[in-house]
1. Return yes or no: is Gly216 farther than 22 Å from Gly162 by Cβ, within 16 Å of ligand 2 (Cβ to nearest atom) and outside any helix (DSSP H, G or I)?
2. Can you tell me which condition Leu185 does not meet? The list is (1) assigned to a helix (DSSP H, G or I); (2) over 20 Å from Leu263 (Cβ atoms); (3) in contact (Cβ under 8 Å) with a residue 24 or more places away in the chain, and all the others hold.
3. Val76 - would you say it is of a type outside the set (Lys, Arg), within 15 Å of ligand 2 (Cβ to nearest atom), under 25 Å from the mean Cα position of the chain (by Cα) and at pLDDT 85 or above?
4. When the residues of segment 164-213 are filtered to those that are in contact with an Asp or Glu (Cβ under 8 Å, 6 or more places away or on another chain) and small (Gly, Ala, Ser), which remaining residue is farthest from Met315 (Cα to Cα)?
5. Is there a residue in segment 122-138 that is crowded, with 22+ Cβ neighbours inside 10 Å, under 12 Å from the mean Cα position of the chain (by Cα) and closer than 21 Å to Arg39 by Cα?
6. Can you report the number of residues in segment 333-376 which are hydroxyl-bearing (Ser, Thr, Tyr), at pLDDT 95 or above and not in a helix (DSSP H, G or I)?
7. Somewhere in segment 293-300, is a residue within 16 Å of ligand 1 (Cβ to nearest atom), under 23 Å from Leu152 (Cβ atoms), modelled with pLDDT of 95 or more and surrounded by 24 or more Cβ atoms within 10 Å (Cβ to Cβ)?
8. Give the residues of segment 166-197 that are in contact with a strand residue (DSSP E or B) (Cβ under 7 Å, 6 or more places away or on another chain) and buried (at least 23 other Cβ atoms within 10 Å of the Cβ), sorted by residue number.
Amino acid sequence: MRYLTAGESHGPQLTTIIEGVPAQFPLSIEKLNDSLRRRQGGHGRGRRMQIEKDLIAITAGVRHGKSLGSPICLQVTNDDWKHWTHIMGVEPLDEGMDESEIKRQISRPRPGHADLVGGIKYQHRDLRNVLERSSARETTVRVAAGAVAKQLLEQLGIQVIGYVTTIGGVHADRSLAEKLTVEELIERTSQDPVYTADPVASEQMVAAIDAAKKAGDTIGGVVEVRVTGMPEGVGSYVHYDRKLDARLAFAMMSINAFKGVELGLGFEMANLPGSQVHDQIRYDEQHGYYRETNRLGGTEGGMSTGMPIVVRGVMKPIPTLYKPLESVDIETKEVFKASIERSDACAVPAASVVAEHVIAWEIAQAILETFPSDHLAQLQEAVEKRRNEAKEF
Ligand SMILES: Cc1cc2nc3c(=O)[nH]c(=O)nc-3n(C[C@H](O)[C@H](O)[C@H](O)COP(=O)(O)O)c2cc1C
Ligand SMILES: C=C(O[C@@H]1CC(C(=O)O)=C[C@@H](OP(=O)(O)O)[C@H]1O)C(=O)O
């Protein structure tokens, strides 16, 4: 299974084409739209999210609510597009329109965004040509593709949920999330303004976002994704590019503004002896093999152990600041202090939804590489067979 995305932040639409989805699997458009709605939310988002009402149009690959096995095309319209047709260069200027204003090029790169290096690399002197595509607006259709993967995983008894554990130095009590089932976690985090499972920390996070916004600044944080119901042996130790943990790290790091990834105890492992890191192996007839603890976060040797996969990613503070940072105008080479019109003060909650979906995608892709999957029943049977084989091993 693979996918491509296309689309600019203020272009007419965003598109993804997904190839390799098994046939005969029911796809709910309501669930796809629910994922998009969650990505738009969370305390700290800017004005753009009030303009957009992200909704999916399925334009290929599905008939009577079921996948055909052919490529699936998903599209999301940018509602803001209608205000940008002149700036994006698709409509001639109206009579009396000020050309210099409409064609104004962006020559002032923002520190921490793709503007300057993207301009140098592709020889764009109008940095809008860079920022239109480097914008995290693109994560809309990455979430759409991941939402297809999530529905496929659901059919195999696998659930994926993402939530926030840290914002701006405020840490949620992670043991609260650990105590909950996936259903409870979904329920709890979906009612929380910053998508945590800890109401006390949540209040402090909201205050931290408001304080940063007031100061013209931005803050980052950490998101956690948990995958339950994994069959054993997804991914492989035999070749570097088939290692599941490596692929999860790649997926997490590919999200805009993500700068670090860890599984299980993660970086904390550096401070602990092996006896407090490795998970002891147990067996009983009902469960088969299991680990007493889950400090490694669900993989050994690049393969799923059957324990929940727990992966975290850190998001840096958003680079566009109301409080100006210094940069250099590429036309005049003069130092300027950047000021902006609109931006998110904190998008960590939204990013937890993106993380959930890119991880779901990666898990689904590795599963389809492991088991025969022309159609859903064949895949379900193969996954069940692996679960039984693992128990009887
Ligand atoms: C959900 C989400 C929303 C974001 N919103 C903004 C934003 O409003 N303004 C901004 O400058 N960056 C925003 N970013 C971050 C930039 O897209 C990102 O920093 C940029 O693409 C440069 O990539 P890098 O930070 O990975 O180097 C957002 C990221 C995510 C995941
Ligand atoms: C549009 C989204 O996020 C955008 C991500 C983003 C960036 O630079 O990454 C910058 C802002 O875009 P603009 O200033 O063009 O409105 C955010 O609103 C979205 O998440 O759907």
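The values are calculated or read from the model by the stated rules, or taken from the named source; none is laboratory data. Being a predicted model, the structure only gives us computed values, none of them experimental. Note that each Cβ is placed from the backbone with ideal geometry, even for glycine, and that neighbours are counted across all protein chains shown.
1. On the way: farther than 22 Å from Gly162 by Cβ: yes; within 16 Å of ligand 2 (Cβ to nearest atom): yes; outside any helix (DSSP H, G or I): yes.
Taking the combined requirement at face value, the residue satisfies it.
2. It fails just one condition, (2).
3. Details: of a type outside the set (Lys, Arg): yes; within 15 Å of ligand 2 (Cβ to nearest atom): yes; under 25 Å from the mean Cα position of the chain (by Cα): yes; at pLDDT 85 or above: yes.
When the stated conditions are applied, Val76 passes them.
4. Among those residues, the one meeting the criterion is Ala177.
5. In the first step, residues of segment 122-138 are kept if they are crowded, with 22+ Cβ neighbours inside 10 Å; the result is 127, 130-131, 137.
Filter again for under 12 Å from the mean Cα position of the chain (by Cα), leaving 137.
Filter again for closer than 21 Å to Arg39 by Cα, leaving 137.
Among the residues of segment 122-138, at least one is crowded, with 22+ Cβ neighbours inside 10 Å, under 12 Å from the mean Cα position of the chain (by Cα) and closer than 21 Å to Arg39 by Cα, which makes the answer yes.
6. Looking only at that region, the number is 1.
7. Within segment 293-300, none of the residues are within 16 Å of ligand 1 (Cβ to nearest atom), under 23 Å from Leu152 (Cβ atoms), modelled with pLDDT of 95 or more and surrounded by 24 or more Cβ atoms within 10 Å (Cβ to Cβ).
8. Result: Ile167, Ala172, Thr189, Val194, Tyr195, Thr196, Ala197.
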